[in-house]
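Just so you know, all these numbers are worked out from the coordinates, no wet-lab data involved. No experiment lies behind these values; they were computed from the predicted model shown. With ideal geometry, Cβ positions are generated from the backbone for all residues, glycine too; neighbour counts draw on all protein chains shown.
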């Protein structure tokens, strides 16, 4: 079967794989690069999990061993699908889901907006409407029970392979919603990917370990998906203060649990582990600007991540409530989100209609505050310290989904003399490829898939942004003010050896600000460290 | 036969109205949903609309007055509604067919409206020599044929695309083909009726006048009756299909894509949140702990892996 001529009902066929993306199909990049072939699945993985979609396994669906187990998979999926269309179980997204099911004209206008579809050489499996159309046909026949549904809407055979493949296929989308942006009607195919994930998690109990067991559940248990409890995180931040005080020549003191502070700042705790310079930079800037602020050591309140946003409404609500409760307990005036895109959207936008009245503490992004600090002259900045080519990656959650576009650019233009945009940018940006949680996944072929397909469009954009200064003699900086995006861009820089070949590094926006602060020892950004 | 046509016409109008209302009422009676806006949001004021910015770009946005620009909204809505701008931008090959098709339908709506005006004038005894009515008739005589020809031509083009374009064909079901053929046949019959039986739409106007006055005046032209039946059945059919997007698009844009109203000083939203947080949860996965009785408020404040304080 041709991978590009894939039919809707092929999802249900008794074949070893639905599709595959060979290297020759990949979208060309602006420079020659040798891509690896996909590794074969290890036998024990194939024995354990269903691996019948393509060359990647993200969602660990246990292999059914008997006909009864096969039927159970189908029945549980249908049970979950039925609940998805009830207001009691899915009031959160019912309106969006129903309208997408009912009004899509199947014109495929959204296809070319998808970076994965383009990067894969237009493999049909990645077309935004492919998974939605399968889901829609099942819904119309088995949930809505439309008369003559197969004839009217088209047929999909519902068997365990259909269910397993659809579950795995829901994790071939970054949920960046670029496709939805182009829909003339307003249908949202990215949402459907997330809704399918919800059936697997909320009904079937089948989840991606990085997001659930080692993600949202660790956050609820220890306070952070990093497994740092409050004592450990405080120790680590104290160490960061000490270490960076010595390095920068600035006395850094990060405040904890200050009752009545104006701001509760919530970082993505991954920064503490992987990018401590980001934590220190925030502390230096906020202190230098004289802000009244604090971190909280309450459960989950020192880690802004909310992986529920990617796969589970209940886990989402639980985490958002913990964040708001911590703010209420301290009596702060507002919550400010650090450089984490999905945390921005989760707590500022989505939680807006989840949090009950007593927990309605105002919430905002760090970027407008940082912009005001930079432009106010409260801290002395020397842009010549940032006199190297800098480009800005727009995290989808901050730009396309929240409309926070200009503050970051105001900062860039003020402190980075060689700032250049990627194209397209702002609300029309491309996802980094790590969106919806993929950036923290490294099992079997996932890392390779992130680089080869999910992140391919982004790396092309980055290279194009630096087309006038290629080569290792010019240092280059990709500003990615989001933990998830940073993780993905770090992996791509490493995979394509861009530090060695292009002298390229990456990090956030606060690092650039601190790098330009005249009161700080020069050289805060170190190319070799990331 | 003509008496039956009147009955079918009334029934079709009732089906159309009920189906439209059912979809709208179904949507607006859904519970409150979470915010899921997508930028650019058209009603943002000033330059923000042009680059896709939002009120969230301001420090302490909740202390600033909320502004909304109808002009900016119209700048997006009018090109989208009239010219299908999104299809023009992102799917140009389809636009060449879908635009005339939709333009034809817009003309058809205007045509029916003009027939209604002409019919009411006729019932009121205002003759076609009155200046205003004369102008209405003149416009009707242009808009009607334009509607039939554009819709038929666009429909044929879309049918051709759905048959020959493998990518589109993969996603086309029987209903797509049936819908397009229905429009093409209806318009073809309308063109024939216009050319051979009712070139100035006086028959059509009289039929609409009879419908309005419940007169059931006999009509002796079989082709005209076939045309009426096809038109009214098409009108009844549209809101039963995905083509209901012609009015549901309002909610998809205004309530979802551009639904950015924050929950600040909005008692009604608080009340609605209170309602949904009391819905029972019956998701079966163990970590949800939803038994069909526990509410969202209970489930969302339950920590399935809570540690005792001393263990922290």
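Over region A:3-203, what relative contact order in percent results from Cα pairs under 8 Å that are six or more residues apart?
Answer for region A:3-203 is 29 percent.
Computed from the C-beta positions of residue B:123 and residue B:75, the FRET efficiency with R₀ = 41 Å rounds to 0.50.
Helix A:160-169 and the longest principal axis of the Cα set of chain A meet at an angle near 20°. Rounded to the nearest 10 degrees, the inclination of helix B:92-123 to the longest alpha-carbon principal axis of chain B is 60 degrees. With R₀ set to 22 Å, the beta-carbon distance separating residue A:46 from residue A:68 gives a calculated FRET efficiency near 0.55.
For the peptide A:386-397, the mean number of other protein chain Cβ atoms found within 10 angstrom of a residue's Cβ is 0. When only alpha carbons are used to place a centre, region A:365-425 and region A:127-175 end up 42 Å from one another. Fraction of C-alpha pairs exceeding 22 angstrom in region A:3-203: 49 percent, rounded to a whole number.
Give the percent of DSSP beta bridges with both residues in region A:378-529 that are antiparallel, rounded to the nearest 5.
10 percent
The coefficient of translational diffusion for region A:212-370, derived via Stokes-Einstein from the alpha carbon Kirkwood radius under 20 °C and 1.002 mPa s, stands at 139 µm²/s.
Using bins of 10 Å that start at zero, the share of Cα-Cα pairs per bin across the protein assembly as shown amounts to 2, 12, 21, 23, 19, 11, 7, 3, 1, 0, in whole %.
Inverting the pair-averaged 1/r between distinct Cα atoms of region A:385-448 gives 13.3 Å as its Kirkwood hydrodynamic radius. Peptide A:314-320 shows a mean partner chain C-beta count of 5 within 10 Å per residue C-beta.
Sorting A:494-501, A:439-446, B:265-272 by average packing, meaning the other beta carbons within 10 Å per residue, from highest down gives A:439-446, A:494-501, B:265-272. Under the simplified labelling scheme, the residue B:185-residue B:264 pair shows an inter-label distance of 5.7 nm, with each label point 7 Å from Cα along Cα→Cβ. Hey, could you get me the Stokes-Einstein D for region B:65-149, Kirkwood radius over alpha-carbon pairs, 4 °C and 1.567 mPa s, rounded to whole µm² s⁻¹? Diffusion coefficient, whole number: 85 µm²/s. Ranked by the mean number of other Cβ atoms within 10 Å of their residues, highest first, the peptides B:108-114, B:3-9 fall in the order B:108-114, B:3-9.
The simple spin-label model puts a point 7 Å past each Cα toward its Cβ; for residue B:28 and residue B:82 those points are separated by 2.7 nm. In plain terms, the chain from residue B:110 to residue B:169 could stretch by 18.0 nm, reckoned as 0.36 nm per residue minus the Cα-Cα distance.
Going 7 Å from the Cα of residue B:301 toward and past its Cβ, which residues in region B:269-283 have a backbone nitrogen under 18 Å from where you end up? Only B:270-281 fall inside the zone, counting backbone N under 18 Å. Considering only DSSP beta bridges where both residues belong to the protein assembly as shown, give the percentage that are antiparallel (nearest 5). Within the protein assembly as shown, antiparallel bridges account for around 15 percent of the total. Shielding of peptide A:363-370 by partners, expressed as the average count of other chain Cβ atoms within 10 Å per residue Cβ, is 3. Quick one: compute the contact order of region A:212-370, relative version, from alpha carbon pairs under 8 angstrom and 6+ residues apart, as a percent. With pairs under 8 Å counted, the relative contact order is 25 percent. Model label sites at residue B:130 and residue B:217, defined 7 Å from Cα along the beta-carbon direction, differ in position by 1.6 nm.
Projected over every direction and averaged, the convex hull enclosing the alpha-carbon atoms of region A:392-530 yields 8.3 nm². Expressed as a fraction of 2.2 N^0.38 Å, the C-alpha radius of gyration for chain B is 1.34.
Classify region B:162-312 as rounded, prolate or oblate from the Cα gyration tensor: take a ≥ b ≥ c as the square roots of its eigenvalues, call it rounded if a/c is under 1.5, otherwise prolate when a/b beats b/c and oblate if not. Write out the running numbers ahead of the final one.
Details: a/c = 3.79, a/b = 2.54, b/c = 1.49.
Because a/c hits 1.5 or more and a/b exceeds b/c, region B:162-312 counts as prolate.
Per-peptide packing, taken as the mean over residues of other Cβ atoms within 10 Å, places A:399-410, A:323-334 in the sequence A:399-410, A:323-334 from highest down.
How high is the relative contact order of chain A, given as a whole-number percent (alpha carbon pairs under 8 Å, six or more residues apart)? Before the final figure, lay out each step's value.
Working: 957 pairs, mean separation 74.9, N = 530.
With pairs under 8 Å counted, the relative contact order is 14 percent.
Relative to one another, the C-alpha centroids of region A:459-530 and region B:183-210 are positioned 68 Å apart. The angle between the Cα long axis of helix A:456-465 and the longest principal axis of the Cα atoms of chain A comes to about 40 degrees, rounded to the nearest 10.
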